[in-house]
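None of the figures in this text is laboratory data; all of them are computed from the coordinates on show. Remember, predicted model here, so these are calculated numbers, not experimental data. Cβ coordinates were reconstructed from backbone atoms using ideal geometry, including for glycine residues, and neighbour counts include every protein chain displayed.
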Amino acid sequence: MATFMSLPAELRILIWQYSMPDPRRPVLSWSGTHFAFNTTPPNLVHVCHESREEAAKQYELTFATPGNNNPHIWFDFTRDFLYVTDEALARLPGEVVRRIQNLRHFRYTGKMALKCSS
């Protein structure tokens, strides 16, 4: 019986690429001790090493908690939408703030709610 891993690598890669989720609309918030995301990581990061490598071509591990250099949130800066709360925005490093301000789909959910589109 043939297995998935016995398929040609090119075909497996195409299958992983077609398995990527649609753009997500997560909210980035501050829990009091760390950043929280109201969505789960893409399933592909949990399937196998090969699928995780493919997911990492599209998604980045980002939004490390201040004082901790280990980012833990998978985010696609080219397709995902992002909503950010006041508390989270106040704790993001400047380089991350600049990067999210240039997102095509970014919404600041604070009191002055700004919608940015490029």
- Could you check Phe4 against (1) exposed (fewer than 15 other Cβ atoms within 10 Å of the Cβ); (2) among the aromatic types (Phe, Trp, Tyr); (3) within 19 Å of Phe77 (Cα to Cα) and say which number it fails? (3)
- Check Asp76 against each of (1) without any contact (Cβ under 8 Å) to a residue 40 or more places away in the chain; (2) within 28 Å of Pro93 (Cα to Cα); (3) among the acidic types (Asp, Glu) and name the one condition it does not meet. (1)
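Tally the residues that are more than 17 Å from the chain's Cα centre (by Cα) and without any contact (Cβ under 8 Å) to a residue 24 or more places away in the chain, restricting the search to region 30-46. Step through it out loud before you land on a result.
Here is the first cut: in region 30-46, the residues more than 17 Å from the chain's Cα centre (by Cα) are 31-33.
Filter once more, keeping what is without any contact (Cβ under 8 Å) to a residue 24 or more places away in the chain: 31-32.
Residues flagged as more than 17 Å from the chain's Cα centre (by Cα) and without any contact (Cβ under 8 Å) to a residue 24 or more places away in the chain within region 30-46 amount to 2.
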- Message: Tell me which strands (runs of 3 or more DSSP E) are completely within region 28-107 and hold 2 or more residues being surrounded by fewer than 17 Cβ atoms within 10 Å (Cβ to Cβ), or say none if there are none.
- Response: 60-62
- Task: Hey, can you tell me all the residues within region 1-25 that are part of a helix (DSSP H, G or I) and among the charged types (D, E, K, R)?
- Result: Glu10, Arg12
- Query: List pairs: first in region 2-29 and over 19 Å from Lys57 (Cβ atoms), second in a strand (DSSP E or B) and among the aliphatic types (A, V, I, L, M), Cβ under 7 Å, 6+ apart or cross-chain?
  - Reply: Pro26/Leu82; Leu28/Leu82; Leu28/Val84; Ser29/Ala36
